[in-house]
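Enquirer: Here's a structure for you.
The values are calculated or read from the model by the stated rules, or taken from the named source; none is laboratory data. Please read these numbers as outputs of a predicted model, since none were measured by experiment. We place every Cβ from the backbone using ideal geometry, glycine too, and count neighbours over all the protein chains shown.
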């Protein structure tokens, strides 16, 4: 496997796919009752690495039945169009994000100037924050097949609408595995945090969403940027959410 990427088995039927480009962005592959569901699609537009991982676990890309997009930011959409073409999987997202994913509208702009954590600002500000601020770095467009709302289900995953980072941001909870897929509501890179401040569009909504997902009481928190949080890290995130204050 290429050093730009990393792959590991988080637990039974759950695999983490990471990429340095895009701000240590992560996607997650769920295998449940013989069906494969992918959450987000990394930064690469060719999707070759995701196809490699699917083959590595003994499956074929045509076995991919569902692709869920947490939100319409470039680092999470790279491989979507290629995977849709290869697999014919159903693409799911929140309706608010759908026309951005389909290439009909630019993502809502974020602030231009870097903000904490400064390690992120120095490493990924230009390609990510600068790009989102100016509407650059377009992804290959792909139509969304089905819209998701709060409380809906895709396979074993319960959908939770968690706006704040973006208006149509989604999180998911896998009850059997006590695993929360938090998207960009939470980050573990470059440190454990309640998302990246410069990228959260609505601070009050983000605060409310954090408390909403905390109620699931997860044992694993899989995030959009950084490795999944487990053990003591999850306890620390619970404390951070509890002590957070709405702006």
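Enquirer: Could you list, in sequence order, all residues of the range 28-42 that are touching a helix residue (DSSP H, G or I) at 6+ places or on another chain (Cβ under 7 Å) and under 11 Å from residue 223 (Cβ atoms)?
Expert: 40
Enquirer: OK, next. Identify the residue in the range 146-162 that is surrounded by 22 or more Cβ atoms within 10 Å (Cβ to Cβ) and not in a strand (DSSP E or B) and, among all such residues, is nearest to the chain's Cα centre (by Cα).
Expert: If we take residues in the range 146-162 being surrounded by 22 or more Cβ atoms within 10 Å (Cβ to Cβ) and not in a strand (DSSP E or B), then 162 is nearest to the chain's Cα centre (by Cα).
Enquirer: Hey, can you tell me all the residues within the range 28-57 that are out of contact with any strand residue (DSSP E or B) (no Cβ under 6 Å at 6 or more places or on another chain), over 23 Å from residue 177 (Cα atoms) and assigned to a loop (DSSP other than H, G, I, E, B)?
Expert: Answer for the range 28-57, where residues must be out of contact with any strand residue (DSSP E or B) (no Cβ under 6 Å at 6 or more places or on another chain), over 23 Å from residue 177 (Cα atoms) and assigned to a loop (DSSP other than H, G, I, E, B): 44, 45, 46, 47.
Enquirer: Now for a different question. Looking at the structure I just gave you, is residue 74 more than 23 Å from residue 149 (Cα to Cα), surrounded by fewer than 22 Cβ atoms within 10 Å (Cβ to Cβ) and touching a residue at least 40 places away in the same chain (Cβ under 8 Å)?
Expert: For residue 74, the condition - more than 23 Å from residue 149 (Cα to Cα), surrounded by fewer than 22 Cβ atoms within 10 Å (Cβ to Cβ) and touching a residue at least 40 places away in the same chain (Cβ under 8 Å) - is not met.
Enquirer: All but one of (1) closer than 25 Å to residue 20 by Cα; (2) over 13 Å from the mean Cα position of the chain (by Cα); (3) assigned to a helix (DSSP H, G or I) hold for residue 75; which doesn't?
Expert: Only one criterion is unmet by residue 75, namely (2).
Enquirer: Which of the numbered conditions does residue 132 fail, given that it passes all the others? Conditions: (1) modelled with pLDDT under 65; (2) surrounded by fewer than 16 Cβ atoms within 10 Å (Cβ to Cβ); (3) not in a loop (DSSP other than H, G, I, E, B).
Expert: Failed condition: (2).
Enquirer: Which is at pLDDT 95 or above, surrounded by fewer than 19 Cβ atoms within 10 Å (Cβ to Cβ), part of a loop (DSSP other than H, G, I, E, B) and in contact with a strand residue (DSSP E or B) (Cβ under 8 Å, 6 or more places away or on another chain), of 143, 65?
Expert: Unique residue meeting the criteria: 143.
Enquirer: Please determine, by comparing only the residues of the range 194-223 that are at pLDDT 90 or above, part of a helix (DSSP H, G or I) and touching a helix residue (DSSP H, G or I) at 6+ places or on another chain (Cβ under 6 Å), which one is surrounded by the fewest Cβ atoms within 10 Å (Cβ to Cβ). Write out each step before concluding.
Expert: Within the range 194-223, the subset at pLDDT 90 or above is 194-195, 202-223.
Next cut, part of a helix (DSSP H, G or I) only: 203-214.
Okay, now just the ones that are also touching a helix residue (DSSP H, G or I) at 6+ places or on another chain (Cβ under 6 Å), so 210, 214.
Values: 210: 23, 214: 17.
By that ranking, first place goes to 214.
Enquirer: Oh, and also: Could you list, in sequence order, all residues of the range 165-180 that are buried (at least 24 other Cβ atoms within 10 Å of the Cβ) and part of a loop (DSSP other than H, G, I, E, B)?
Expert: Result: 165, 166, 169.
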